[in-house]
1. Can you name every residue in the stretch 168-201 that is over 22 Å from the mean Cα position of the chain (by Cα) and of a type in the set (F, W, Y)?
2. Can you list residue pairs whose Cβ atoms sit under 8 Å apart, with the first residue in the stretch 181-194 being open to solvent by 40 Å² or more (accessible area, probe 1.4 Å) and the second being polar (S, T, N, Q)? Count only pairs 6 or more apart in sequence or on different chains.
3. How many residues does the stretch 79-100 contain that are among the small types (G, A, S) and touching a helix residue (DSSP H, G or I) at 6+ places or on another chain (Cβ under 8 Å)?
4. Quick check on the stretch 105-114. Is at least one of its residues touching a residue at least 40 places away in the same chain (Cβ under 8 Å) and assigned to a helix (DSSP H, G or I)?
5. Based on what the data block shows, is L79 open to solvent by less than 60 Å² (accessible area, probe 1.4 Å), within 20 Å of the chain's Cα centre (by Cα) and of a type outside the set (K, R)?
6. Run down V98, V120, V165 and say which single residue is within 12 Å of the chain's Cα centre (by Cα) and not hydroxyl-bearing (S, T, Y).
7. Suppose we filter T161, T219, T203, T150 for residues that are open to solvent by 80 Å² or more (accessible area, probe 1.4 Å), of a type in the set (S, T, Y) and in a helix (DSSP H, G or I); which single one remains?
8. Is the stretch 188-208 home to any residue that is within 22 Å of S113 (Cβ to Cβ) and at pLDDT 90 or above?
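The values are calculated or read from the model by the stated rules, or taken from the named source; none is laboratory data. Remember, it's a predicted structure, so these values are computed and weren't measured experimentally. All Cβ positions, glycine included, derive from the backbone under ideal geometry; neighbour counts span all protein chains shown. All accessible areas refer to the heavy atoms of the entire protein, side chains included, with ligands and DNA or RNA removed. Shrake-Rupley method; radii C 1.70, N 1.55, O 1.52, S 1.80 Å.
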Amino acid sequence: MNVIDSSLLSFFNQFSRLSPAFDASVAFLAGSHLLKGGLLMMLLWAAWFKDEPGQALVRRRIVATLTASAVALFLARVLAAALPFRLRPLYHPDVEFVRPAGLEAVGLGSWSSFPSDHAVLFATLSIGLLVAWRPAGVFACVYTAVCILTPRVYLGFHYPTDIVVGAAIGAMVAWVFVVRLVDVRFVRGLEATSAERPAVFYTGLFLVTYQIATMFDGTRALAKHLWGML
């Protein structure tokens with residue numbers, strides 16, 4: 001463990017078990033899809049329907065952001081599987097980590113902590129929002145850093161460098177899609193479909209945003225079930 005990880009983990013861990021109510025609140029926040037992806041999806045929907053000049057470009061950027069989010073999360077999972085396994089602080093026997101009060105085993109012991117898929121996904125969403133609609137994006141960036149990513153360090157789910165690298169990957173993917181690829185045919189075509197076939201488009205948009213809000217839990221469960229049937 002490097003000096004940055006060690007010092008930051010020690011700083012956050014000094015507050016562990018000082019207040020069972022605080023520890024429980026942090027754990028609840030870390031596990032709540034509503035307060036993580038749900039909130040950011042609400043901001044994306046608000047950005048989509050706001051009535052301001054240049055709204056067509058805003059909507060293309062939202063389409064690009066959602067596409068980037070799926071790509072970024074897939075990339076995070078590939079990297080976690082391909083890179084050397086990194087045991088999370090919560091489980092590492094050599095890390096003097098005091099488990100927050102009431103925190104149960106969360107089934108992450110078999111998942112490598114590097115890079116943080118939460119950091120990858122929510123950095124992608126936040127940067128995409130920042131480009132599409134700056135006020136919402138500024139809020140999303142601050143909220144993501146404070147209320148989504150910091151709790152994962154506090155609870156021992158990730159080292160700080162897992163978060164930093166994951167956020168850098170997410171920001172890079174968001175920049176490529178939302179800035180460089182926002183005018184490609186695929187993005188323009190999807191944005192145009194919202195006016196040409198709204199029933200199909202908004203049904204699909206709801207499903208996509210729901211899956212992103214829940215970090216594709218339903219999709220992964222379905223894939224696992226189908227794989228088990230083969």
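1. F186, F201
2. F186/T67
3. Of the residues in that region, 1 qualify.
4. No: zero hits.
5. Spelling it out, L79 is indeed open to solvent by less than 60 Å² (accessible area, probe 1.4 Å), within 20 Å of the chain's Cα centre (by Cα) and of a type outside the set (K, R).
6. Result of the check over V98, V120, V165: V120.
7. T203
8. So far as the stretch 188-208 goes, no, none of its residues is within 22 Å of S113 (Cβ to Cβ) and at pLDDT 90 or above.
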